[in-house]
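Novice: Here you go, one structure.
Please treat every number below as a calculation from the coordinates, not as lab data. Predicted, not measured: the structure shown is a model, and the values here were computed from it. All Cβ positions, glycine included, derive from the backbone under ideal geometry; neighbour counts span all protein chains shown.
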Amino acid sequence: MDTVIVAFENTKFVRQISELLEGAGVAACQACSSGDQVRRLLQRQSAGCVICGPHLTDGPAEWLFDDLPPSCLLLLVGPKHQLDLCGNPDIFKLNIPLRREETIYTVRLLLQFSRRLERLVRSSRSASEQREIDKAKKALMERRGLTEEEAHRQLQKRSMDEGRRLVQTARQILAELEPEH
């Protein structure tokens with residue numbers, strides 16, 4: 001089942017949306033109240049979509065959008081007048097009051113789109129780039145005692161933190177871990 005992060009200041013609203021999506025079998029939901037919590041959660045696990053209000057406890061949701069992985073989509077939920085203030089065409093919007101069927105349909109579409117984006121991102125790497133990424137993961141596993149999943153997460157996190165492609169980060173890690181002669 002896909003994972004969706006639901007992030008609102010209002011915990012009652014988080015619970016309502018989570019119950020709606022989980023009850024309909026659309027996705028497993030993770031609850032957050034701030035952009036920082038969303039970022040930390042995305043470092044530990046992947047999610048196809050983040051559903052949040054225009055404002056979180058630590059700032060506008062538009063700030064969060066720039067930190068999402070390429071295949072994780074953002075759905076803003078709120079009053080039309082607040083959603084109209086968001087000028088980013090890559091952010092999806094849904095007006096309140098929410099209608100059950102429309103919400104379920106929208107989230108299903110976003111998750112389907114997210115899965116397609118994930119495949120596209122994965123397939124955009126050449127075989128040699130993938131070998132470099134795998135080599136960096138192996139080096140991290142051997143030198144730092146990490147599992148493959150932990151090594152991959154460390155590569156992803158560093159890549160996101162530094163605003164680099166994963167293969168660029170892999171090359172940098174390989175250079176850093178290369179034994180000195």
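Novice: Give, to the nearest whole percent, the P(r) tail of the stretch 3-123 beyond 25 angstrom, counting all Cα pairs.
Specialist: 13
Novice: The stretch 139-181: which GluC sites (Glu not before Pro) are DSSP loop and have at most 12 other beta-carbon atoms within 10 angstrom?
Specialist: Passing sites in the stretch 139-181 are Glu180.
Novice: Between Gln45 and Ala175, what is the label-to-label distance in nm when each label sits 7 Å out along the Cα-to-Cβ direction?
Specialist: 3.6
Novice: Something else now. For the chain, modelled as a Gaussian network with Cα springs under 10 Å, which listed residue fluctuates most, Leu120, Leu68, Leu166?
Specialist: Looking only at Leu120, Leu68, Leu166, the largest GNM fluctuation is found for Leu120.
Novice: Just subtract the alpha-carbon distance of Glu148 and Lys12 from 0.36 nm times their residue separation and send over the number in nm, one decimal.
Specialist: Stretched fully, the Glu148-Lys12 segment lengthens by 45.2 nm.
Novice: Mind counting lysine pairs for me in the chain? Cα separation below 26 Å, and the two need to be 8 or more apart along the chain or on different chains.
Specialist: 6
Novice: For a quick check, take a GNM of the chain with Cα springs below 10 Å and name the residue from Arg115, Arg143, Arg131 with the largest mean-square fluctuation.
Specialist: Checking each option, the largest mean-square fluctuation is seen for Arg143.
Novice: If you put +1 on each Lys and Arg Cβ and -1 on each Asp and Glu Cβ, how big is the dipole of the chain around its Cα centre, in Debye rounded to 20? Show your work: numbers first, answer last.
Specialist: Working: 27 positive and 26 negative charges, 84 e Å.
Magnitude of the dipole: close to 400 debye.
Novice: Taking the Cβ of Leu56 as the centre, find all other residues whose Cβ is under 14 Å away and add up their charges (Lys, Arg: +1; Asp, Glu: -1).
Specialist: Taking every Cβ under 14 Å from that of Leu56, the sum is -4.
Novice: Could I ask something else about it? I need the calculated FRET efficiency for the pair Asn95 and Arg125, taking r as the beta carbon distance and R₀ as 45 Å, to the nearest 0.05.
Specialist: 0.75
Novice: Under unit Cβ charges (Lys, Arg +1; Asp, Glu -1), what dipole magnitude, rounded to 20 debye, does the stretch 90-179 have relative to its Cα centre?
Specialist: Its charge dipole is roughly 260 debye.
Novice: For every other residue with a beta carbon closer than 15 angstrom to the beta carbon of Phe8, add +1 if it is Lys or Arg and -1 if Asp or Glu, then tell me the sum.
Specialist: -1
Novice: Specify which residue in the list Val14, Leu85, Pro54 is farthest towards the positive end of the charge dipole of the stretch 3-123, using unit charges on the beta carbon of Lys, Arg (+1) and Asp, Glu (-1), about the Cα centre.
Specialist: With unit charges placed on the Cβ atoms, the residue in question is Val14.
Novice: Please work out the C-alpha center-to-center distance from the stretch 54-69 to the stretch 114-181 and express it in whole Å.
Specialist: Using only Cα atoms, the two centres lie 26 Å from each other.
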